[in-house]
Amino acid sequence: MNKILLLLLLYSTIIFSDGLKVFTTIYPNYNLIKPILGDYGSVVTIVPQNIEVHHFEPSTRDILSINKGDLFFYTSDILEPWVKSVSKNFPSSLTVVNNSNFVKNLNTKDTHIWLDPISAIDIVHGIATTLAKTDPKNKEYFMNNALDYEKKIKDLHTEYTNTLKSYKNKTIIYVGHNSFGYLESRYDINFLTPYSGYSVDSEPTPKSIQKIIDFGKKNNIKYVFYEKGTDSKFAETIAKELSAKTIPLDSLHSAKGDYVELMRANLPLLEKGLKNE
């Protein structure tokens, strides 16, 4: 029995070592790659959870690790501008993939492409096609995994559509930079924010904060949203003025797990904000 277990462990180690070595920048990419790659390789993220991706620069150790991989997926040239220069020195054996190139309805200013389920389906299909080209003997496996996961994301999209379309009120107060633009466009909801633009380094002005407070008082807003994992001080300030509660909304930047379940967890929170009860 011990010999059989040893052989099984040895066999699984061989399979793993022969699988694709995939690197990526952030968890939103990881969460869409892993279900497609399955057991036919490994995925490693290089941006730590406690680091703001907009400020990240890879270390020499990071670059040396990526060099040993088969594939390197990143989000976009805007979110990870360092890739363009660093990739010039990557070995020819490494395939570098820009996930934003898979998105059909791309907003070049907004890097949060994964927050639209339909765009996520585009990315999943692109990932599967890329994996299949790199490892053609397992093409059927990758494409079948993609079809299964695309079905789950389509079901998620249906849930979002059916839930959010029933509300006449389409506006929530969101105190943060423009992370959820894709979600807003897809489901026709409005994130009213005192911030301008997409920079994480920007801060709202007193005038823009007062404008949000005035709107909140006029419409008796009971909930103020902010991006999970970020400083909530401005959200707390506005909520205090409105006697409202704050709700963190997950942009999935630092969340490792199943993409569909992470996105689904945001839906009842959005519904609560639209109900405003």
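Is it the case, given these coordinates, that Lys211 is out of contact with any Lys or Arg (no Cβ under 8 Å at 6 or more places or on another chain), more than 24 Å from Leu32 (Cβ to Cβ) and loosely packed, with under 14 Cβ neighbours inside 10 Å? For Lys211, the condition - out of contact with any Lys or Arg (no Cβ under 8 Å at 6 or more places or on another chain), more than 24 Å from Leu32 (Cβ to Cβ) and loosely packed, with under 14 Cβ neighbours inside 10 Å - is not met.
Go through the stretch 186-202 and count every residue that is in a loop (DSSP other than H, G, I, E, B) and charged (D, E, K, R).
Kept after step one, since they are in a loop (DSSP other than H, G, I, E, B), are these residues of the stretch 186-202: 188-189, 193-202.
Add one more test, that the residue is charged (D, E, K, R), and what stays is 188, 201.
The number of residues fulfilling the criteria is 2.
Each residue in the stretch 116-127 was checked for being in contact with a Lys or Arg (Cβ under 9 Å, 6 or more places away or on another chain) and crowded, with 22+ Cβ neighbours inside 10 Å, and 4 of them qualify.
Scanning the stretch 131-170 for residues that are farther than 24 Å from Gly257 by Cβ and surrounded by fewer than 13 Cβ atoms within 10 Å (Cβ to Cβ) returns Lys133, Pro136, Lys137, Glu140, Lys165, Ser166, Lys168. Would you say Leu267 is surrounded by 14 or more Cβ atoms within 10 Å (Cβ to Cβ), outside any loop (DSSP other than H, G, I, E, B) and touching a Phe, Trp or Tyr at 6+ places or on another chain (Cβ under 7 Å)? So Leu267 passes the test.
Keeping to the stretch 159-182, report how many residues are of a type in the set (Ser, Thr, Tyr) and either part of a strand (DSSP E or B) or touching a Pro at 6+ places or on another chain (Cβ under 6 Å) (or both). First the steps, then the outcome.
From the stretch 159-182, those of a type in the set (Ser, Thr, Tyr) are 160-161, 163, 166-167, 171, 174, 179, 182; that's our starting set.
Next, from what is left, pick out any that are either part of a strand (DSSP E or B) or touching a Pro at 6+ places or on another chain (Cβ under 6 Å) (or both): 171, 174.
Adding up the residues that qualify gives 2.
Being in contact with a helix residue (DSSP H, G or I) (Cβ under 8 Å, 6 or more places away or on another chain), closer than 14 Å to Phe191 by Cβ and among the aliphatic types (A, V, I, L, M) is the filter; apply it to the stretch 217-243 and report the residue that is surrounded by the most Cβ atoms within 10 Å (Cβ to Cβ). Among them, the one singled out is Val224. Considered as a group, the residues in the stretch 203-246 that are outside any helix (DSSP H, G or I) and among the small types (Gly, Ala, Ser) include one that is farthest from Gly273 (Cα to Cα), and that residue is Gly229.
Scanning the stretch 241-248 turns up at least one residue that is touching a residue at least 12 places away in the same chain (Cβ under 8 Å), within 18 Å of the chain's Cα centre (by Cα) and not assigned by the TED database to the domain that holds Ile123.
For beta carbons closer than 6 Å, sequence separation of 6+ or different chains, a first residue in the stretch 76-88 that is under 18 Å from His253 (Cα atoms) and a second that is modelled with pLDDT under 95 and surrounded by 14 or more Cβ atoms within 10 Å (Cβ to Cβ), the qualifying pairs are Ser76/Thr111; Ile78/Thr111; Leu79/Thr111. Counting only helices (runs of 4 or more DSSP H) that fall entirely inside the stretch 17-136 and contain at least 3 residues that are over 18 Å from the mean Cα position of the chain (by Cα), the qualifying elements are 60-67, 82-86, 117-134. Kindly provide the set of residues from the stretch 75-97 that are surrounded by 15 or more Cβ atoms within 10 Å (Cβ to Cβ) and under 11 Å from Ile63 (Cα atoms), ordered by number. The answer is Val83, Val86, Ser87, Phe90.
The values are calculated or read from the model by the stated rules, or taken from the named source; none is laboratory data. Bear in mind that the values here come from a model prediction, so they are computed numbers and not experimental data. Every residue, glycine as well, gets a Cβ built from its backbone with ideal geometry; the counts of neighbours run over all protein chains shown.
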